[in-house]
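Let me begin by presenting the structure, written as structure tokens, before commenting on it.
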Amino acid sequence: MKAKIYLETHGCQMNVADSTRATKRLSSEGFQFVQSYDDADIVILNTCSIRARAESKVFNRLGQINHNTIGKGKIYGVMGCVAQLEGEELFRRSTMLDFVCGTGAIDRLPSLVSRILSGEKKVLDTGQRLSNENWDLQPADHDTNHTAFVPIIEGCNKFCSYCIVPFSRGREISRPAVEIIKEVTNLRDSGFKEVQLIGQNVNSYKPKTNEGLEEFAGATPFIRLLKAVAATGTNRIKFTTSFPKDFHAGIVEAMNEYQNLCNWVHLPVQSGSDVILKAMRRGYKSADYLDKVAAIHNSHRNVALTTDIIVGFPGENEDDFTSTLDLLKQCNFHGVYIFKYSERPGTRAANMDDDVADEVKTERFQQVENLQREVQIKIYGSYIGTKQMVLVKGISARSEADVFGHSTCNKVINFKGGTDLVGRVVEVKVVAAKHNSLYGELAH
Ligand code: 5AD
Ligand code: SF4
């Protein structure tokens, strides 16, 4: 009997996709996956480094699992961004840890685990992905049979001054277009309703060859890929994350042309102040960002725009913050992820004076939240009376009589219904709105 594995995933969609790949690689070597760490011989945490004190959180979680666990003597492994960043250091800080697998080493996980099982101690791999390792997954490898994340590019070359991702995920590597198109086609054939093309910066997609894209015109390879993926006829296609500087108007044109490209764009602005944007090394000014927003709003489709904001970046004064509020008022975002700046060792911003007091960061966070709530009450309210195509994801957490799902504009919509609807796309009439969800009725 092969060892049983419990894998816990933290962080972004890329980590979810990596865990899917890790599960596939390990299952094909005969390992079994279990839902509880108590039943496992091997516990693996797939970790995220985007938030502050990421390593401490990993150690706390490992300690908690070890403390609660029935029958000690389990094998513990850490993979993902914290593994890549900290490497050896993790062994020094935790004696219970057996192996560390970086973001480039996922395809080599089975061999790392085998080495541990054959008695080797403290196994580490933070090396790069090898060129003969592909990203392929089969429809059956996903957790659901209706929605899948499909990575198209990994890593980031931008080096925004606050961000750890270029260090934890390395330089950009794009996946061959033919491989992506084949995977999406397989998903479509297996009845999947939605694919989400993912990458830290999807606009930078740059495969080594144009194979698979020949029939699709576009100013950038990403635009050509979007069209090629849309041409598979997959019901719904979403993509994230877009980097403002490289967001080409051709993306909006592609969305106008192909209705199965969903009407949602996530375009993180981070700040409305040009001084702060420069210090963040974002490579655009607020006016440039507003031009991109105008191009999106000019679409004949009602495209939902969402963003990320960092408050309290080093040097952010009241005027800078006011510029952020002004920008928010102009953009009519359908959703904003707000972050209080916190230092990441190794980044350029870590050498700057983190001079905005925590109370001020909290206060600014709340101001953005309050302003945004007002904006969203209006936006969400405007959906009342409309009909939306909803991909049903599961039973609502609030009420057993309701199911929830997502619209093509990425809104959560709840409505009365049963589990038989899960995985289906249905038409729902919106009858009520909160500031971050809609309530509807199944349209007949
Ligand atoms: N401090 C606060 N927020 C951060 N983000 C990334 N790095 C930091 C940091 N050091 C936020 C950005 C990014 C999102 C995923 O996380 O807004 O877009
Ligand atoms: Fe981080 Fe900037 Fe790259 Fe996004 S574009 S992952 S914020 S460095």
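The values are calculated or read from the model by the stated rules, or taken from the named source; none is laboratory data. It should be emphasised that the depicted structure is a prediction, and the values quoted were computed from it without experimental measurement. Cβ: placed from backbone, ideal geometry, glycine included. Neighbour counts: every protein chain shown.
Exactly one residue out of ILE237, ILE223 is within 24 Å of GLY11 (Cβ to Cβ) and among the β-branched types (Val, Ile, Thr), and it is ILE237.
Being in contact with a strand residue (DSSP E or B) (Cβ under 9 Å, 6 or more places away or on another chain), in contact (Cβ under 8 Å) with a residue 40 or more places away in the chain and either in a strand (DSSP E or B) or farther than 29 Å from PRO166 by Cα (or both) is a property that does not hold for GLY405. Could you tell me whether the range 346-365 includes any residue that is within 16 Å of ligand 2 (Cβ to nearest atom), among the aliphatic types (A, V, I, L, M), touching a Ser or Thr at 6+ places or on another chain (Cβ under 8 Å) and under 27 Å from ALA294 (Cα atoms)? No, the range 346-365 contains no residue that is within 16 Å of ligand 2 (Cβ to nearest atom), among the aliphatic types (A, V, I, L, M), touching a Ser or Thr at 6+ places or on another chain (Cβ under 8 Å) and under 27 Å from ALA294 (Cα atoms).
Just one of the listed residues (ILE310, ILE296) is surrounded by 15 or more Cβ atoms within 10 Å (Cβ to Cβ), closer than 20 Å to PHE247 by Cβ and within 11 Å of ligand 1 (Cβ to nearest atom), and it is ILE310.
Scanning the range 389-402 for residues that are more than 23 Å from the chain's Cα centre (by Cα) and assigned to a strand (DSSP E or B) yields one hit, ASP402. The residue pairs whose first member lies in the range 155-178 and is on the phi > 0 side of the Ramachandran plot, whose second member is within 7 Å of ligand 2 (Cβ to nearest atom) and modelled with pLDDT of 90 or more, and whose beta carbons are closer than 6 Å, counting only pairs six or more residues apart or on different chains, are PHE159/PRO166.
Only a single criterion out of (1) away from ligand 2 (no atom under 16 Å from the Cβ); (2) closer than 30 Å to GLN388 by Cα; (3) within 24 Å of the chain's Cα centre (by Cα) is not satisfied by TYR337, namely (1).
Against the conditions (1) within 24 Å of TYR289 (Cβ to Cβ); (2) surrounded by 21 or more Cβ atoms within 10 Å (Cβ to Cβ); (3) modelled with pLDDT of 95 or more, PHE243 satisfies every one except (2). The set of residues in the range 176-208 being within 17 Å of VAL16 (Cβ to Cβ) and either within 12 Å of ligand 1 (Cβ to nearest atom) or part of a loop (DSSP other than H, G, I, E, B) (or both) consists of PHE192, GLY199, GLN200.
Condition check ((1) surrounded by 13 or more Cβ atoms within 10 Å (Cβ to Cβ); (2) in a loop (DSSP other than H, G, I, E, B); (3) in contact (Cβ under 8 Å) with a residue 12 or more places away in the chain) across all residues:
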| site | (1), (2), (3) |
| --- | --- |
| ALA350 | yes, no, no |
| ASP355 | no, yes, yes |
| LYS361 | yes, no, yes |
| GLN366 | no, no, no |
| LEU371 | yes, no, yes |
| ILE377 | yes, no, yes |
| TYR380 | yes, no, yes |
| GLY385 | no, yes, yes |
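From the list LEU328, LEU442, the one residue that fits, being surrounded by 14 or more Cβ atoms within 10 Å (Cβ to Cβ) and either under 27 Å from VAL311 (Cβ atoms) or within 16 Å of ligand 1 (Cβ to nearest atom) (or both), is LEU328.
GLU183 passes every criterion in (1) surrounded by 21 or more Cβ atoms within 10 Å (Cβ to Cβ); (2) of a type outside the set (A, V, I, L, M); (3) more than 9 Å from ligand 2 (Cβ to nearest atom); (4) under 16 Å from the mean Cα position of the chain (by Cα) apart from (4).
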